There are 2 protein chains.
Amino acid sequence: MRTVVDTERPKRAVVVGGGYIGLEMAEALILRGLEVSLVERGEQVMGTLDPDMGALVSGAVAEAGVQLHLGESLEAFEVAGGRVAAVVTGKRTLPADIVILGLGVRPNTDLAARAGIPLGVRDALRVNDRMQTGVSGIWAAGDCAESFHLVSRRPVHIALGTIANKQGRVAGINLGGGYATFPGVVGTAVSKICKWEVARTGLQEREIRDLGLEYVAAAIKSTTRAGYYPNAGPITVKTLAEKGSGRLLGAQIVGIEGAAKRIDIFATALHAGMSVQDMINLDLSYAPPYSNAWDPVLIAVRQADRAVREGG
Amino acid sequence: MRTVVDTERPKRAVVVGGGYIGLEMAEALILRGLEVSLVERGEQVMGTLDPDMGALVSGAVAEAGVQLHLGESLEAFEVAGGRVAAVVTGKRTLPADIVILGLGVRPNTDLAARAGIPLGVRDALRVNDRMQTGVSGIWAAGDCAESFHLVSRRPVHIALGTIANKQGRVAGINLGGGYATFPGVVGTAVSKICKWEVARTGLQEREIRDLGLEYVAAAIKSTTRAGYYPNAGPITVKTLAEKGSGRLLGAQIVGIEGAAKRIDIFATALHAGMSVQDMINLDLSYAPPYSNAWDPVLIAVRQADRAVREGG
C-alpha cells in the first residue's frame, strides 16, 4: 500500500484584482518565491488612485517581479483533476497552481433586507449619524453600514477597519444610553507594497467629475527627508482642488518610507474644509531626518494654489 | 629641530544646553566615542516640551550614555595653557577637552535698532503680515524677525528654518511688487535624538498658564505601528486643550521611528482652530505598517475630550 501525498509546493500564482488585497497578496507570494501574475481590469492597479498615480504603483509592482496584465478581465478558470489549472482572461490563459481573488467587498445585507431594514448605497445598511438604521432599536456599524462622505456630502460604502472601529464606538455609546455621533469620513486609505507607501484621501478625479465639479490637479516630486540625509527617497504628492474657491478636494501620495502618513495632513484639512490657499503656510514640522524645509505637502499645495489662481 | 603636534583627540566633551542643538551635538559626540556630559539649567532637557515629556527625552539621552546634569547652570570655565580645561557649574567642575555651547539664539538687530527700525519681542524686528518692518521700504524675514502665534495671538520669536523659508517667500513676493501674507505660526518643531523622535506644536503648559487660560492635559501611550507588526515601538502623545471649549492648544510626541511626523496632524488642527471633540473622528490613515486602527493621535484626543467633558 502506498500513500500518495502531493508534496509539490505551488510555483505559479495568479492574483485577480489590483486593489489593496490583491497587491498585498502578490507581494507576499513574490517573497515566498512564486512566479506571480496579476490580472486587473482597470488601466492601472490601485483604482482608488487616479491613473497617473496608480501608474507609479504599477511600476513598483512590476519592478518587484510581478507580471502585470492590466486592462484584462477574468473570464473563466480552467480546472484539471478537481483543481484550478489556469485563469482565462479576455486576452490570454495564465497557468496557475494557486489563484487568489481580491475582487472587492460587498455588504452581506440580504437577511437585513428581508427583515425590512432599509438599504442604501451599494446595499449597505442606511444609518443616521448615531448609527441607527431605519428600523427603531436596530443599529449598525462596520463593513455592512454606510458612511457619510464629508467632501462629496453623499453616503458612501467604505469597508475599512478604522471606520468600523469609529462607528462601533458611536453605536456602542448610543446603545448604552449615551449620545454620540459619527460625522463621517473623507475617504482616507493607506497601503504598503514592497518598499512603496501609497496613500489617498478625499475624492479622486473620477469622483470629482461625477459630482460635476470643476477642479485643478497638481502633482509634485520631492524627497521624503532632506535630500542629503541618509535614506532620503522619492515622494510624489498629488493635490486636487476646486476651481475658483481652491477648496481642497483630495490628495494622493506614493513614495518610500516616511511618505504615506503625510496623507493625514490632507485628511485633517478636508475635515476642516480648508482651501489649498489656507494650507500654503501650514506650520508643518521640519528637521532633516523628516523633511526638507518645505515639506512635500507644502510644495504640492503651493502648486495647486498657483493652478487655481491661473484659473486651472 | 622638532615640530610638536598635538595628536591627542579630545576624549571628554561637555555640552552646555539641553535644547535641539545641545542634544544633537551630544549624540554626535557619543557616536564619535567621547565621554559626554550635558549641563542643562532646566529640570529636564528639551525645555520646549512640558517636563513630563522632557523627562522621556532625558531618559533616552542618559540611556545613550550621556552624563546628564540637570538643574545646573554654567558659572565659569577653567583654562589651562590657553585652552579650556573644565566647565564649572553651581555644583561641580567637569573636566573637558572640548566644550560645546548650545545656549539658544537671539536676533542680531543692533544695527537695525540704531537705524531706527522698531524692535518687538526678544529684540526681533517687528513686522506686519507682509513682512514689512516699521520703516517704509524695509522688509525683514527669518531668524531676525518676529512671527505671529496663531494660538496665543501674540508675537513670538521662533528661529527655525521652516519659518524663515516661508517668511522669505512672502517678503520676496511683496518686494517684487506682488501681494502675499504670512498669517503666522503655531510653534511646531521636531528633532531626532538617537532612536527617539521628539515633536511639539502649539503651546506648552507654561505658556498656557502665562496666558491665564484654564486647560486639561492628557498623555497616552500606544505603538507607532500595529502592535504585532515588525518594528512597532512606543509612542507617547500628550494633548492640551482649553477647559470648557475643548479648543486644542498644543500637543507633544515622543516615540521611535514613525512617531514625530504625526505632530503635523495637530499643527493642521491648530491652524483650523479645531477642538479635541472635532478631532475624535478624524479619518486618519490606518494599515498595520503605519498605525493601530485607532491612531495614537485619536486615542490622545479622545482622552483629552473626556477630560474636558469631566471638567478637567
Note to self: Just want to confirm a number: the relative contact order over the stretch A:189-309, from Cα pairs under 8 angstrom separated by 6+ residues, in percent.
What the structure shows: 31 percent
Notebook entry, point to check: What percent does the relative contact order of the stretch B:59-157 come to when contacts are Cα pairs within less than 8 Å and at least six residues apart?
Noted result: 14 percent
Check: For A:V121, which inter-copy label distances result when the label point lies 7 Å beyond Cα on the Cα-to-Cβ vector, reported in nm to one decimal and in ascending order?
Finding: 4.3
Checklist line | Using a 7 Å Cα-to-Cβ projection, B:D52 label spacings across copies, nm, ascending | finding: 4.7
Item checked: Distance violations [Cα-Cα > 23 Å] among B:K192/B:K261; A:K192/B:K221; A:K166/A:K261; A:K192/A:K238; B:K195/B:K221; B:K91/B:K195 -> A:K192/B:K221; B:K91/B:K195
Notebook entry, point to check: Roughly what % antiparallel, to the nearest 5, for the DSSP beta bridges in the protein assembly as shown?
Noted result: 75 percent
Next item on the list: Could you work out, for the protein assembly as shown, what percent of all Cα-Cα pairs fall into each 10 Å distance bin, beginning at 0 Å and stopping at the bin that holds the largest distance?
Entry: 3, 14, 22, 24, 18, 11, 6, 2, 1, 0, 0
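For chain B, what percent of Cα pairs sit more than 30 Å apart?
On the way: 22008 of 48516 pairs.
That fraction is 45 percent.
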Margin query: How big is the dipole moment of chain B about its Cα centre under a simple scheme where the beta carbon of each Lys and Arg is +1, that of each Asp and Glu is -1, and everything else is neutral? Debye, nearest 20, please.
Written below: 320 debye
Notebook entry, point to check: Arranged by the count of other C-beta atoms within 10 angstrom, fewest first, what order do A:M46, A:M25, B:M131 take?
Noted result: A:M25, B:M131, A:M46
Check: What whole number of Å gives the distance from the Cα centroid of the stretch A:26-94 to the Cα centroid of the stretch B:20-49?
Finding: 52 Å
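With a ≥ b ≥ c the root eigenvalues of the C-alpha gyration tensor of the stretch A:76-127, is it rounded (a/c under 1.5), prolate (a/b larger than b/c) or oblate?
It comes out prolate by the Cα gyration axes.
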Check: How do B:S245, A:S58 rank when sorted from fewest to most other Cβ atoms within 10 Å of their own Cβ?
Finding: B:S245, A:S58
Next item on the list: Can you tell me the relative contact order of chain A? Whole percent, Cα pairs under 8 Å, sequence separation 6 or more.
Entry: 13 percent
Notebook entry, point to check: When the Cα centres of the stretch A:202-276 and the stretch B:188-217 are compared, how far apart do they sit, in Å?
Noted result: 27 Å
Margin query: At 7 angstrom along the Cα-to-beta-carbon line, where would the label on A:A80 sit relative to the other copies? Give the distances in nm, shortest first.
Written below: 8.6
Check: How high is the FRET efficiency between A:E43 and B:L175 when r is their beta carbon distance and R₀ equals 35 Å, given to the nearest 0.05?
Finding: 0.15
Next item on the list: Give, in nm to one decimal, the length gained when the segment between A:D52 and A:L31 is fully stretched (0.36 nm per residue of separation minus the Cα-Cα distance).
Entry: 4.9 nm
Checklist line | Virtual spin-label span in nm between A:R154 and B:E8, 7 Å along Cα→Cβ | finding: 7.7 nm
Notebook entry, point to check: Per-residue mean of other chain beta-carbon atoms within 10 angstrom of the beta-carbon, peptide B:165-172?
Noted result: 2
Margin query: Restricting things to Cα coordinates, could you compute the convex hull volume per residue of the stretch B:12-101 in Å³?
Written below: 77 Å³
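Values quoted throughout were computed directly from the atomic coordinates according to the rules given, and no laboratory measurement underlies them. Bear in mind the structure is a predicted one, so any value in this text is a computation, not a measurement. No Cβ is skipped: glycine too gets one built from the backbone with ideal geometry, and neighbour counts run over all protein chains shown.
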